[in-house]
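For reference, the structure is listed below as structure tokens.
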Amino acid sequence: MKNYIELWKAKDSWKSLSREERGNYLSLLGPHIQNFIENGVEIVSWGVNEDITFQRVEYDFFAIWNIPNSKIVEEFEKLVEEAGWYNYFEQVNACGTATSPDEVLGKLIEM
């Protein structure tokens, strides 16, 4: 199982669209998200990055997914790119296999 984290904020190209254009674009994504869910992808959380967050990253939204394997991660990333998402949003991602705190701390020591 892979944990996949997205952080994004709107570009001017998104902000310049009308509400109707934004809604139309986002409605096209729904069936694709549903298809991934039917193939084992789990939405852990979507949210707004709160202004009061200590050492806040300069991204306004986040999504956290559990994705069954690397193949589906690649399919997910390809879909996001092909959908033109990056034309409208600046985004960074993180992905990895969930491990224990001890394993991560061990990696920090090994650096």
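Can you work out which of the residues in the range 91-111 that are outside any helix (DSSP H, G or I) and not small (Gly, Ala, Ser) is surrounded by the fewest Cβ atoms within 10 Å (Cβ to Cβ)?
Here is the first cut: in the range 91-111, the residues outside any helix (DSSP H, G or I) are 91-100, 111.
Then keep just the ones that are not small (Gly, Ala, Ser); that gives 91-93, 95, 97, 99, 111.
On the way: 91: 16, 92: 11, 93: 14, 95: 15, 97: 10, 99: 11, 111: 4.
Result: 111.
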*Among the residues of the range 45-90, write down those that are among the β-branched types (Val, Ile, Thr) and loosely packed, with under 12 Cβ neighbours inside 10 Å.*
48, 52, 53, 57
*Does any residue of the range 49-67 turn out to be in contact with a strand residue (DSSP E or B) (Cβ under 8 Å, 6 or more places away or on another chain), assigned to a helix (DSSP H, G or I) and modelled with pLDDT of 95 or more?*
no
*Number of the condition not met by residue 50 [criteria: (1) closer than 18 Å to residue 86 by Cβ; (2) without any contact (Cβ under 8 Å) to a residue 40 or more places away in the chain]*: (1)
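Would you pick out the residues in the range 1-41 that are acidic (Asp, Glu) and assigned to a helix (DSSP H, G or I)? So that I can check it myself, show each step before the final result.
Going residue by residue through the range 1-41, those that are acidic (Asp, Glu) are 6, 12, 20-21, 38.
Within the range 1-41, 12, 20, 21, 38 meet the criteria.
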*Between a first residue in the range 9-38 that is at pLDDT 95 or above and a second residue that is assigned to a loop (DSSP other than H, G, I, E, B) and surrounded by 14 or more Cβ atoms within 10 Å (Cβ to Cβ), which pairs have beta carbons less than 6 Å apart while being 6 or more apart in sequence or on different chains?*
9/59; 9/60
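The values are calculated or read from the model by the stated rules, or taken from the named source; none is laboratory data. As the structure is a prediction and not an experimental result, all values here were calculated from the model. Note that each Cβ is placed from the backbone with ideal geometry, even for glycine, and that neighbours are counted across all protein chains shown.
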